[in-house]
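The values are calculated or read from the model by the stated rules, or taken from the named source; none is laboratory data. These numbers were taken from a predicted model, which means no experiment stands behind them. Methodologically, a virtual Cβ is constructed for each residue, glycine included, from the backbone with ideal geometry; neighbour enumeration extends over all protein chains shown. Accessible surface is based on the protein model in full, side chains and every heavy atom, while ligands, DNA and RNA are left aside. Shrake-Rupley method; radii C 1.70, N 1.55, O 1.52, S 1.80 Å.
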Amino acid sequence: YSVRYGVASNPATPAAVLAELAKDENQYVRYYVAMNPATPPAVLAKLAKDENASVRANVASNPATPPAALTELAKDKVGIICRYAIENLRRSEIRYENESKLTNTCTCSMRVLMMQGCPRVQGGMCIS
């Protein structure tokens, strides 16, 4: 796996290779693809729906992620993911609607975790 990790995280990796690695069964390979600034926006949009929260968090913080995918990630149930997506949208020059609604959803997610008996919330995730 270590070779694939290196290729997936290398900004010089061709887009077609990154697109193939984004389909890898190993979540860590997808994790590195998601944080690679050279990953094509279309690939990031697909990874925005990944089952692994760490992969989605990297997509949410990647500057190449398309605004539509960021807007969806801003509704993620994992607080840190929605926070990264909102921060990424704010950094972009693209204006989006319902920013306060998305921010409230993010805050609400963290409150829900605490109400569900989570002893401590850190980075939008339950820490026991």
- Query: If the Cβ limit is 6 Å and pairs must be 6+ apart or interchain, which residue in the stretch 84-95 that is modelled with pLDDT under 80 pairs with which residue that is not in a helix (DSSP H, G or I)?
  - Reply: none
- Cβ-Cβ below 6 Å, separation at least six or inter-chain, first residue in the stretch 54-73 and under 17 Å from ALA38 (Cα atoms), second in a helix (DSSP H, G or I) and among the charged types (D, E, K, R): which pairs? VAL55/ARG30
- Message: Tell me whether the stretch 1-11 contains one or more residues that are open to solvent by 80 Å² or more (accessible area, probe 1.4 Å), over 18 Å from the mean Cα position of the chain (by Cα) and among the hydroxyl-bearing types (Ser, Thr, Tyr).
- Response: yes
- (1) surrounded by 14 or more Cβ atoms within 10 Å (Cβ to Cβ); (2) at pLDDT below 95: which one isn't true of ASN62, the others all being true? (2)
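For (1) open to solvent by 30 Å² or more (accessible area, probe 1.4 Å); (2) out of contact with any Cys (no Cβ under 6 Å at 6 or more places or on another chain); (3) assigned to a helix (DSSP H, G or I); (4) under 24 Å from ALA68 (Cβ atoms), each residue gets a yes or a no:
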| site | (1), (2), (3), (4) |
| --- | --- |
| LEU18 | no, yes, yes, yes |
| GLU25 | yes, yes, no, no |
| ARG30 | no, yes, yes, yes |
| ALA34 | no, yes, yes, yes |
| ALA38 | yes, yes, no, yes |
| LEU44 | no, yes, yes, yes |
| LYS49 | yes, yes, no, yes |
| SER54 | yes, yes, yes, yes |
